[in-house]
1. Just wondering, is there one or more residues in segment 296-306 that are farther than 29 Å from Leu69 by Cβ and modelled with pLDDT of 85 or more?
2. Could you check segment 86-115 and list, in sequence order, the residues that are open to solvent by 10 Å² or more (accessible area, probe 1.4 Å), more than 15 Å from Ala126 (Cα to Cα) and either out of contact with any Phe, Trp or Tyr (no Cβ under 8 Å at 6 or more places or on another chain) or without any contact (Cβ under 8 Å) to a residue 12 or more places away in the chain (or both)?
3. When you scan segment 175-192, do you find a residue that is among the basic types (Lys, Arg), loosely packed, with under 14 Cβ neighbours inside 10 Å and either at pLDDT 85 or above or over 23 Å from the mean Cα position of the chain (by Cα) (or both), even just one?
4. Quick check, is Pro374 touching a residue at least 12 places away in the same chain (Cβ under 8 Å) and open to solvent by less than 10 Å² (accessible area, probe 1.4 Å)?
5. Does Asp274 qualify as being closer than 14 Å to Leu46 by Cα, open to solvent by 20 Å² or more (accessible area, probe 1.4 Å), among the charged types (D, E, K, R) and modelled with pLDDT under 85?
6. Those residues that are hydrophobic (A, V, I, L, M, F, W, C) and free of Cβ contacts under 8 Å to residues at least 60 places away in the same chain, I need them from segment 39-69; list them, please.
7. Quick one: which helices (runs of 4 or more DSSP H) sit completely within segment 294-364 and have at least 2 residues that are surrounded by 22 or more Cβ atoms within 10 Å (Cβ to Cβ)?
8. Counting only residues that are modelled with pLDDT under 70 and assigned to a helix (DSSP H, G or I), how many does segment 408-443 have?
Amino acid sequence: MPPTTTLFLPTGRAAERRARPGLVLGIILAVQLMVVLDATIVNIALPDIAKALNFSPASLSWVITAYTLAFGGFLLLGARAGDLLGRKRVFMAGIGLFTLASFLGGMAPSAGMLLAARALQGVGGALAAPSALAFLMIMFPEGRERLRALGYYTAVSIGGGAVGLILGGLLTQVASWRWVLFVNVPIGLVVVALARRSLTETPSRNGHFDVLGAVTSTGGVTSLAYGFVRAASNGWGDVLTIGAFAVGMVLLGLFITIERRAAEPITPLRLFADRSRNASYVARLFLVAGMFGMFFFLTQFLQDVLGYDPLQTGLAFLPFSVALFVMSQLSARRLIERFGGKPLMVAGISLSTLAMLLMTQLSASSTYLFVLIPVLLFGTGNGLAFVPLTSASLAGVRRGDAGAASGLVNVMQQMGGALGLAVLVSVFGSAGRVIAGQSVANARAAFVVGADHAFIASTLFVGATVLVLAVAIRGRRATARAAAAAVVEPEWVRELGPAAAVPEAVEA
């Protein structure tokens, strides 16, 4: 490995670390698969969960949202904890908590207990995920090696959602919905054992936790999500709906104020100094918002409207996983170097937008062919775009901000999923009420109309991603001009080397 990979580790362990990059990457990918998979694995089991624990249609989305909100809300605190306490220590604590919460969720006797366990899973994932991605940045320096590692990471991050659907269908049909949670227990125990032997601790250092920043950001996003879900069941004029939106906006405003004044903020504002990096954050937020809607509503559409069993529903998403993996590897190994990151991102998300548009045409009489085509397009488009999108979010980050930068990537993904799903559930519920008001008693027809409106909203989310990428991401020439115009290099650029100064996703 190049000398830069020893920056974070004691020099005496350098040779040992060089001998096992594949094992460390395997641990990172296993953890990322666990935390991403749990955002979708319960999707297939939702009908069974609703019957077993008496969830209402509107509250059912909280089985997903409780996890994504806790995950996204505590990610930045988890990243900060890794920077201060040592990444290996925080990583192992997060996996241990995630494993325990999975066991408690599988044993849950009530809806409240399940939601509490899902939130606890999210906290555990928030502690582990930033350290996992930071270890990837340490092991693989900027350039071709990191792009290839990010190719695998991206395939797991996005394809893990589809894997969760397939595995969830299998476990639900063969065993019970509880096994979609129990399955994490043996995996978590193995990961902890391997991490203890294979990962090298990073030095701890003095510092402060930005607890107020974590509380206000988590509370603000949670309040907004609750407002959207409440609107789906009680309408936009409901007092609690309006109050939730107001509280959410106030808390997020306080969060920004706190981060500006904090000596050691949970979100260093210097991370937002680069235009391309900012655009990659916003693009990820919109894209994942649309993608979560596709998973959530299409899984229920296949079961409740087309009559698929859980396993058939999971297998229906297999083409998505295959297309995503193949195209993400092709993007990382060949296409970014040849065409650059921006064209791939714009072209890929344009295909994903077309896929969502096709899903708006699904009806109760649709065959699987009408599902297969958009699923393939969506996997292909995301596979092309996500490697350069992730690279743009991480390129040029100073080494002291590695954990925070890694956390922000996951924050945008989880917050996009949580808020996007809340918005789409609200759209779905509003459309359903209109149909009910027109005396259409057929629940299946009402679901189709509601899902159709949700897919339209998803199309708008993904289409907005294309606009952000096309307008705000710098291309190769603009990036080169910006680099040439720099008169004085910041200290952290000189420390990491010239490659850190240019966003890799667009220069590569």
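The values are calculated or read from the model by the stated rules, or taken from the named source; none is laboratory data. Being a predicted model, the structure only gives us computed values, none of them experimental. Don't worry about glycine lacking a Cβ; one is built from the backbone with ideal geometry, like all the others, and counts go over all protein chains shown. Just so you know, the surface numbers come from the protein's heavy atoms only, side chains and all, with ligands and any DNA or RNA stripped out. Shrake-Rupley method; radii C 1.70, N 1.55, O 1.52, S 1.80 Å.
1. Yes - at least one qualifying residue is present in segment 296-306.
2. Within segment 86-115, Leu104, Met107, Pro109, Ser110, Gly112, Met113 qualify.
3. no
4. It is true that Pro374 is touching a residue at least 12 places away in the same chain (Cβ under 8 Å) and open to solvent by less than 10 Å² (accessible area, probe 1.4 Å).
5. Spelling it out, it is not the case that Asp274 is closer than 14 Å to Leu46 by Cα, open to solvent by 20 Å² or more (accessible area, probe 1.4 Å), among the charged types (D, E, K, R) and modelled with pLDDT under 85.
6. Matches in segment 39-69: Ala50, Phe55, Leu60, Val63, Ala66.
7. 310-316, 318-330, 341-359
8. The total comes to 8.
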